[in-house]
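Please read the structure below before turning to the comments.
Computed from the coordinates by the stated procedures, all read-outs in this text should not be read as laboratory data. Everything numeric here is computed off the predicted structure, so don't read it as measured data. Because the Cβ atoms are built from the backbone with ideal geometry, glycine has one as well, and the counts that use them run over all protein chains shown.
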Amino acid sequence: MKYVNVAIDNNNDNTDILYTYACEFDEIKIGNKVYVPFGKGNRTKAAYVFEVLDKISININKIKYIDHIDEEISLNKEIINTCKWIRQQYICRYIDSIKCFTPAGSLSKRGKIRTPYKDFEGEYKSIKDLTMEQSNALDRINPFIEKQEYKTFLIHGVTSSGKTEIYMRAIDKCIKMGRTAIMLVPEISLTTQTIERFIGRFGSENMAVLHSKLSLGERYDEWMRVKKGKVKILIGARSGVFAPFENIGVIILDEEHETTYKSDKTPKYDTVEVAIKRAQQNNGIVLLGSATPSLISSYKAEKGLYEKITLKKRYNEANLPEVQIIDMREELKNGNKTIFSVALYNEICNCLDNEKQVILFLNRRGYSSFISCRSCGYVLKCKECGISLTYHKSNNKAICHFCGYTEDIPEQCPECHGKYIKHFGVGTEKVEEVSKKLFPQSIVERLDLDTTKRKGSIDKIINNFKKGKTHILIGTQLVAKGLDFANVGLVGIISADITLNISDFRAAERTFQLITQAAGRAGRGNESGRVIIQSYSPNHYAILAAAKHDYGEFYKTEKMIRSMLLYPPYSDLIQIIISSEEEEEVQLRSEKVVQDFINKAGNKSKKYIFGPHPAPMNKINNHYRYQLLIKCLPENRLIYTQIITEIKLGISTDRNAKYLISIDINPYSFL
């Protein structure tokens, strides 16, 4: 007779504990999915084994028995340990963490195996000699693969420096040692291009794919291929980090700086952190690659937590693209009120005449509008924390999405007293419309969330551009992430200010990254390309550093600002959202949460608490929302998360409560 402690598949905080059952199956092990009688009515519920015991101290006369073990679905000990860590790290339930690792969908009733990308032929590229920088990188990486010793590497390589070849060779070495590999990309739009290259190198029979655009059936079958050991490589977006592999040799995150690696749904995990946790338990390595590493990753490399590898040259020795900054204030003064500067218009004409392709980038996000003076470039900013204010049309107010500061919209610019101060807003759809009018002989396509809703639409748009059928591609950040097109002669950044003035302390970092990444799409063939940046703030340090391809200068400036204001990496930001159908109730409870936190953490914590204030998106699904933010210094992380866990548990287990609580550690959105 054995005994097991299991987590019940039940979405209720009241049952978020481990329950003990007796087990008559000698083969039971940690990670098994089992079915058990649960509750007063002994309803059969699914559960997952977290511990196997030979004896227990409770009264065995009242103990219940496991009904049976699921023969198809099971996890391993490493995954269960990671689930425990996720529950504590991101303040979620056992079952929330478990469901990250279990498959969506179910077995086909017809017994048919659903294989996505089965018709892909692959993109074979002959393996050329490595550059000196690539060879040096692998010389530092390979010893850890050979010794099966954990290590995280930050590969800081300029765009088109050959990072993908380093990834492939690391994977190849792991596979030859009988180990497995996970390759992650930040956007589904990049998955197809990565799959084609990997099929060309490793063959489709050795790979599985996991991402949210697959059908539930496809996801289930791909999960099972991984679980049964039929493949050695998994390619996917964020959720691919949870692939049920054994003996993981390498986990790779390409474009590691991207915000899409942070989940905005429970559990609100950071993919980089989960990858490192899994690699540590498997004695594997993590490769974080980017031309614009996140400030946090660079800081960790500086402190010795990661080993940094730098690639300064493009693999074909081509020069980085020439970058020109256009001051849109001057364009306005000269009577040009269109979205294209004279320089950008002329360069587009020049490119099209020479049969080169053009990418026009505009990261028009839904709630990131700002209020700016088109005469002098002045932007309304919060008097409390220096973050740009967001225009709220419903009440005609300028509001800080970080601390809640509010002010009226001025009738004239406070800086130059000009009359051109207003809500700034141009989207990709308008850019597409104008481009078609100005360049009627050219084929223009748009790549954003509105044009990629149908399955396969992303691949179709990208393939059209890749084959030269599309002359001008207009898009949001989807076009700035890792896509490799040899014939792009020009990248035009319509407005760098859209990301520069989002209500987020990372605004400068996001601007630098997106400009650099978008610029990196130009000149990837044998000829160097050109980049034109349009801005009303042309002297901002992020724009100037991006134009010079100078990551070091940007990092130095941004790190100094973060240090002064105690933003990450010098603290963790903990966001707490309280919501309720009753506005007065949510306000009162938010204030009580703050007071409960102070009572437990001490009066010194007051200066690190911002709010509570109405959340920027104050009402969703008939629920009013209040937000508070806590700056958590490294030495306080454990105690603060313990306190917040206690507060959350008290709220979520109160059957009379008329409100809900949501917690996000280091969120990438403050809406």
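Consider a paramagnetic label point 7 Å from the Cα of L332 along Cα→Cβ; state which residues of the stretch 403-421 have an amide N under 15 Å from it. Counting only backbone N, you get 410-421. The ranking of I182, I502, I17 by Cβ neighbour count inside 10 Å, starting from the fewest, reads I17, I502, I182.
If both residues of a DSSP beta bridge must be in the chain, then about 50% of such bridges are antiparallel. Each of N350, I532, I182 was placed along the dipole of the chain (beta-carbon charges, centred on the mean Cα), and the one lying farthest toward the positive end is I182.
Taking the fewest neighbouring Cβ atoms within 10 Å as the starting point, the ordered list for K308, K436 is K436, K308.
Extension gain, E71 to E355, is 96.4 nm, computed as 0.36 nm per intervening residue step minus the present C-alpha separation.
For the stretch 199-257, the square roots of the Cα gyration tensor eigenvalues, ordered a ≥ b ≥ c, give a/c below 1.5, which places it in the rounded category.
How would you classify the chain from its alpha-carbon gyration tensor, with a ≥ b ≥ c the square roots of the eigenvalues: rounded for a/c under 1.5, else prolate if a/b is greater than b/c, otherwise oblate? It is oblate, given that a/c is not under 1.5 and a/b is not larger than b/c. Put the Cα centre of the stretch 541-593 next to the Cα centre of the stretch 594-671 and the gap is 15 Å.
Run through the stretch 286-321 and list the GluC sites (Glu not before Pro) located in a DSSP loop whose Cβ has at most 14 other Cβ atoms within 10 Å. Those satisfying the criteria are E317.
In this Cβ point-charge picture (+1 for Lys and Arg, -1 for Asp and Glu), the chain has a dipole of about 700 debye about its Cα centre. Evaluated with a Cβ-only charge set (Lys, Arg +1; Asp, Glu -1), the stretch 395-515 carries a dipole of roughly 700 debye about its Cα centre, given to the nearest 20. Take the Cβ atoms of V52 and E646, set R0 to 22 Å, and the FRET efficiency comes out at 0.15. Each of T164, Q148, S135 was scored by the projection of its Cα onto the charge dipole of the stretch 107-204, and the greatest displacement toward the positive side belongs to Q148; charges sit on the C-beta of Lys, Arg, Asp and Glu.
With a simple spin-label model that places each label point 7 Å from the Cα along the Cα-to-Cβ direction, the separation between L588 and S135 comes to 7.4 nm. Between D550 and F25, the contour length at 0.36 nm per residue exceeds the Cα-Cα span by 182.8 nm. Measuring between alpha carbons in the structure, the pairs from K356/K437; K262/K559; K2/K277; K29/K227 lying more than 26 angstrom apart are K2/K277. Here the residues C400, C100, C174, ranked from fewest to most Cβ neighbours within 10 Å of their Cβ, fall in the order C100, C174, C400.
The overall shape of the stretch 62-149 is oblate: from the C-alpha gyration tensor, with semi-axes ordered a ≥ b ≥ c, the ratio a/c is 1.5 or greater and a/b is no larger than b/c.
Just how far, in whole angstrom, is the stretch 60-123 from the stretch 289-317 if you go by their alpha carbon centroids? If we compute the Cα centre of each part, the gap is 34 Å. Within straight-line reach of K430, meaning a Cα separation under 14 Å, sit the following aspartates and glutamates at least 8 residues removed in sequence or on another chain: E445, D448, D450. Between L638 and E527, the modelled labels are 6.1 nm apart [label points 7 Å from Cα along Cα→Cβ]. Ranking N656, V274, N316 by how far each Cα lies toward the positive end of the dipole of the chain (charges on Cβ) leaves N656 at the top.
The simple spin-label model puts a point 7 Å past each Cα toward its Cβ; for E407 and N11 those points are separated by 4.3 nm. On the beta carbon distance between E317 and V342, with R0 = 30 Å, the FRET formula returns roughly 0.35. Applying 0.36 nm per residue to the separation of K109 and K419 and subtracting their alpha-carbon distance, the gain on full extension is 104.9 nm. Between W85 and E302, how high is the FRET efficiency from 1/(1 + (r/R0)^6) when r is the Cβ-Cβ distance and R₀ = 30 Å? Nearest 0.05. In this case the efficiency is close to 0.75.
Assuming charge only on the beta carbon of Lys and Arg (+1) and of Asp and Glu (-1), the dipole of the stretch 132-311 about its Cα centre is about 480 debye to the nearest 20.
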